[in-house]
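Asker: Provided herewith is a single structure, encoded as structure tokens, for subsequent inquiry.
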Amino acid sequence: MNRILLLIPFFVFGIGTAYAEPLEYVQALVLDHEDNYATVQLDWNRDGTVKKYEIGCVSCIPNVVEFSTEDIFTMKNVTAFPNSSNAMLYIIAYDSNDEIINAKQILVNIKK
């Protein structure tokens with residue numbers, strides 16, 4: 001029995017406002033490293049729907065949490081996980097209703 005496969009093109013058109021995806025591209029730059037501490041600059045794409053950002057360090061002891069309305073942030077005294085050179089940072093984007101729009105984890109080697 002022969003089968004015929006029929007392909008029908010399917011197009012979707014949308015009209016409306018386009019938004020940039022928050023936190024699509026996050027760059028981490030180690031500005032300074034001394035002993036077990038580093039200063040890390042985080043930079044990400046701007047999104048007009050974001051009211052504020054929560055920036056934190058999971059690997060830091062104690063954990064650090066700060067808020068900003070800017071799309072660039074410098075975090076001092078970043079520490080790595082024990083027996084590692086990797087630090088875990090995160091950014092959470094909130095809208096005007098304090099609802100989470102997006103979140104991103106960033107693993108940074110602070111000794112490079």
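Asker: With a Förster radius of 22 Å, plug the Cβ-Cβ distance of residue 51 and residue 29 into 1/(1 + (r/R0)^6) and report the FRET value to the nearest 0.05. Present the calculation step by step, with values, prior to reporting the outcome.
Answerer: Numbers: r = 25 Å, r/R0 = 1.15.
Efficiency, rounded to the nearest 0.05: 0.30.
Asker: Continuing with the same structure: Computed FRET efficiency, Cβ-Cβ of residue 112 and residue 63, R0 25 Å: what is it to the nearest 0.05?
Answerer: Details: r = 23 Å, r/R0 = 0.91.
Computed FRET efficiency for residue 112 and residue 63: 0.65.
Asker: What do you get for Rg/Rh of the stretch 26-109 when both radii come from the Cα atoms and Rh is the Kirkwood radius? Please report the intermediate quantities before stating the final value.
Answerer: Working: Rg = 12.8 Å, Rh = 13.0 Å.
Ratio of gyration radius to Kirkwood radius for the stretch 26-109: 0.99.
Asker: Here's another thing I want to ask about it. From the backbone phi of the stretch 96-112, what are the Karplus-calculated ³J(HN,Hα) couplings (6.51 cos²θ - 1.76 cosθ + 1.60, θ = phi - 60°) in whole Hz, Gly and Pro given as x?
Answerer: 5, 9, 6, 8, 6, 8, 7, 9, 9, 9, 10, 9, 10, 7, 7, 9, 8
Read-outs throughout are calculated quantities, based only on the coordinates presented, and are distinct from any laboratory measurement. The shown structure was predicted, so the numbers you read here are calculated from the model rather than taken from an experiment. FYI the Cβ positions are ideal-geometry reconstructions off the backbone, even for glycines, and counts take in every protein chain you see.
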